[in-house]
Each structure stands twice: as C-alpha cells, then as structure tokens.
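What follows is a short report on a single structure.
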Amino acid sequence: VMLMFLALPPYFSLVIAEPDNQIGVLLFVIVSLTISLLASQAQHARSALEDEQESLRKSEQEARTRAQQLEALFEAVTDGILVYDADGRMTQTNTMARTMLARYVEQEHLLQPIPHRAEQTNLHAPDGKSITFDQIPSVRILRGEVLTSANAADIVVRTFAGEDLWLNISGTPLRDEEGNITGALAIARDVTERRQLEQKTRHVLDALLQIAQVVVQ
C-alpha cells in the first residue's frame, strides 16, 4: 500500500491509476486480512491451550493433594486395613496391618496367595478348635460374603512368640462395573486385651459361682 501511494506514480496521491495496481492492492489486502485472521485465531488457540494446561495443572495438584490426604488417613487408622486382589494376594496394607502381620507371617510369604499363607499360619477359632480354609475370613470375603460389625469373624492367630493374637475381622468384596469380584477389603482389629479380660472375668465369675455353691451346701 505504501508503494502504491508513496513510491509509484502518481506520487503522494490516494489514486491508484493502473488496474494491475488496483488488483494487486486488493489481493494484498485480502491476503493481509486472512493472515491477520489466522494469527488472531492462533493466538486465541494458544490462550485456550494455556488456560487448559493451567487448569490441568491445578487439577493434577488437587489430585495429588487429595491422594496424599487419603494416604495419610489410610496409614493413620488404628485398625489393620488389608486390600487383596482376586487371588488373595495382599496389594496394600496400612501401618497397623503390617505391624500385626509381622508378628505371625514371614516376610517372604506376605505376597503369596491365601492358600500358601494359610499353610504357614497357625489359625484357630476362639474356642480353640481349628478352622477350615473356607472359614478363613478373607476367603469368605473373596467369595462374596460381607462381614460387618454385626457378623464380624473372630479368629485367633499364634504369633512367633507363642502368644495368641485375637483378631476381629470385617470386610467386603471389591467388584468391577459388571459386578465381578476383583478383590477384597478387610479390616482387622486387635481385640486381644478385651478377649483376655473377658476370659478373666468369666473365670472370676465361675469361681464365685463355685464358692456360692459351696456356701449353700
């Protein structure tokens, strides 16, 4: 445009004399407007992409923060939390669960399926009778049974130190969108002190009952 108006004859005139010059200026204007439009769209696209990236970074940061909070909560729970896959291998445990397991399961057996661990663990019912494989709480959960506080299972485990560890087990199976069992979540509560106190109380009551019977006689 500067060439047409300032450099080519007629000089310093707003008149474009030659038809070729008119077509050239028109094409130049069209191309210039097209480039300007494309540049504007590109700028808008870059701005939208930057906004999307910023939003994605914020979402990722929020997700990481949320995951850290859940992980801290998971580890802080005072009951043992155990997550199993479909084969009964432990995929995740919290601090309390690892503390419990260290008392009666060897480290090399922790990642083995349930049948293998059951062979290496001394389990029995609260009344002292042995329990079958199908009666193990984690097996029951993996087969679809839900153990709530109302029907939680009590088992007794013999530790490496020769002590009895009383555990109250509750849990639920984990399922996919189609309802297939993909694993299990179990919560183990150490109730050893409470059970021992109950036993002592029962023994004391039995002794008092016997004394009362003797006195009556």
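Surface calculation, 1.4 Å probe, protein heavy atoms: ARG57 sits at approximately 120 Å² accessible. Projecting the Cα atoms of ALA150, HIS203, ASN180 onto the charge dipole of region 120-204 (Cβ charges, centred on the Cα centre) puts HIS203 farthest toward the positive pole.
Helical runs assigned H by DSSP (4 residues or longer) give the chain a calculated mean residue ellipticity at 222 nm of -16500 deg cm²/dmol, each run adding -39500 (n - 2.57) before division by the residue total. Below 8 Å between Cα atoms, with a sequence gap of 6+, how large is the relative contact order for the chain in percent? Contact order relative to length: 14 percent. Of all DSSP beta bridges confined to region 121-217, the antiparallel ones make up roughly 100%. Compared with the dominant Cα axis of the chain, that is its longest principal axis, helix 19-76 is turned about 10°.
Across ARG202, ARG194, ARG117, mean-square fluctuation computed from a Gaussian network of the chain (C-alpha pairs under 10 Å connected) peaks at ARG202.
For the chain, set up a Gaussian network in which alpha carbons nearer than 10 Å are linked by springs, and say which option among ALA42, ALA97, ALA188 fluctuates the most. Of ALA42, ALA97, ALA188, the Gaussian network model singles out ALA42 as fluctuating most. Rolling a 1.4 Å probe over the protein chains gives ILE23 an accessible area of about 100 Å².
The values are calculated or read from the model by the stated rules, or taken from the named source; none is laboratory data. What you are looking at is a predicted structure, and each value in this text was computed from that prediction instead of being measured. Note that we place each Cβ from the backbone using ideal geometry, even for glycine, and neighbour counts take in every protein chain shown. Protein only, heavy atoms only, side chains kept; ligands, DNA and RNA dropped before computing areas. Shrake-Rupley method; radii C 1.70, N 1.55, O 1.52, S 1.80 Å.
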